[in-house]
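Novice: Structure incoming, see below.
Only the coordinates and a few stated rules stand behind these numbers; no lab work does. The structure presented is a predicted model; accordingly, all values stated were derived computationally and were not measured. Here the Cβ positions follow ideal geometry from the backbone for every residue, glycine too, while neighbour counts run over all protein chains shown.
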Amino acid sequence: MHERHHLSLTDLRQQPTEWHRRGLSHPDEIQAMVHRRTFDAVPEEPSYADFFQAA
């Protein structure tokens, strides 16, 4: 027979696949996404020229 390994809730929380199985993102993935969006590729403020061209 197959031996079942019982993992604690703490162990399961450390595994990204357990989060993904439930349709969630692992906290480390969320932290990386926030970091990328706030520090890595921050666009400059839009200017008038971004939206309109002189006729």
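Novice: Estimate the FRET efficiency between SER25 and HIS5 by the formula 1/(1 + (r/R0)^6), using the beta-carbon distance for r and 25 Å for R0, to the nearest 0.05.
Specialist: On the way: r = 25 Å, r/R0 = 0.99.
The pair SER25/HIS5 has a calculated efficiency of 0.50.
Novice: Another question about this same structure. From the alpha carbon gyration tensor of region 1-40, can you work out the equivalent ellipsoid semi-axes (sqrt of 5 times each eigenvalue) and give them in Å, largest to smallest?
Specialist: Values: eigenvalues 177, 17, 9 Å².
Square roots of five times the eigenvalues give 30, 9, 7 Å.
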